[in-house]
Amino acid sequence: MITLDFVYWYAVMNVSLTPELEQLVHLKVQTGRYTSASEVVREALRLMEERDQVQALHKDALRRKIAVGMASLRAGKGVDGEAFFAEMDAELAELEQREPV
């Protein structure tokens with residue numbers, strides 16, 4: 001097991017990794033792209049933060065779409081779900097018949 005020591009202006013942090021993650025860190029350093037295990041972990045954390053931000057944006061966009069849909073339903077502009085999916089199935093069947101095999 002590898003233990004990483006991170007020294008910041010305010011503290012040292014020890015992180016224990018599984019053997020699989022330890023091997024991954026070593027492989028990343030061996031590629032030459034990273035100079036140390038700490039650099040690999042910092043990059044991983046930056047990427048994780050970026051992913052979390054993107055997911056939050058997607059969730060916000062989805063919530064807005066749901067709110068628009070709910071407002072549309074309350075305004076009486078809803079569509080019967082069964083009829084909608086029946087129409088979609090018919091359109092897909094038509095497209096499948098047109099596609100060359």
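The values are calculated or read from the model by the stated rules, or taken from the named source; none is laboratory data. None of the values given here were measured: they were computed from a predicted structure. Here the Cβ positions follow ideal geometry from the backbone for every residue, glycine too, while neighbour counts run over all protein chains shown.
Give me the pairs, please: first residue somewhere in segment 24-52 and over 17 Å from Asn14 (Cβ atoms) and without any contact (Cβ under 8 Å) to a residue 24 or more places away in the chain, second residue anywhere and crowded, with 16+ Cβ neighbours inside 10 Å and of a type in the set (Phe, Trp, Tyr), beta-carbon distance under 8 Å, and either six or more positions apart or on two chains.
So the pair list comes out as Lys28/Tyr34; Glu43/Tyr34.
Can you name every residue in segment 27-41 that is surrounded by 14 or more Cβ atoms within 10 Å (Cβ to Cβ) and either in contact with a strand residue (DSSP E or B) (Cβ under 6 Å, 6 or more places away or on another chain) or assigned to a helix (DSSP H, G or I) (or both)? Steps first, please.
Initially, segment 27-41 is screened for residues surrounded by 14 or more Cβ atoms within 10 Å (Cβ to Cβ), giving 28-29, 34, 37-41.
Once the filter is applied, which keeps residues that are surrounded by 14 or more Cβ atoms within 10 Å (Cβ to Cβ) and either in contact with a strand residue (DSSP E or B) (Cβ under 6 Å, 6 or more places away or on another chain) or assigned to a helix (DSSP H, G or I) (or both), segment 27-41 yields Lys28, Val29, Ala37, Ser38, Glu39, Val40, Val41.
Looking at segment 59-101, which of the residues that are part of a loop (DSSP other than H, G, I, E, B) and among the acidic types (Asp, Glu) is surrounded by the fewest Cβ atoms within 10 Å (Cβ to Cβ)?
Step one: list which residues in segment 59-101 are part of a loop (DSSP other than H, G, I, E, B), which gives 75-80, 99-101.
With among the acidic types (Asp, Glu) added as a condition, the list becomes 80, 99.
Details: Asp80: 9, Glu99: 6.
Top of the filtered list is Glu99.
Name the single residue, out of those in segment 1-23 being β-branched (Val, Ile, Thr), modelled with pLDDT of 70 or more and exposed (fewer than 13 other Cβ atoms within 10 Å of the Cβ), that is nearest to Ser36 (Cα to Cα). Outline the logic, then answer.
First, the residues of segment 1-23 that are β-branched (Val, Ile, Thr): 2-3, 7, 12, 15, 18.
Now narrow it down to the ones that are modelled with pLDDT of 70 or more: 12, 15, 18.
Now restrict to residues that are exposed (fewer than 13 other Cβ atoms within 10 Å of the Cβ): 12, 18.
Details: Val12: 16, Thr18: 17 Å.
Selected residue: Val12.
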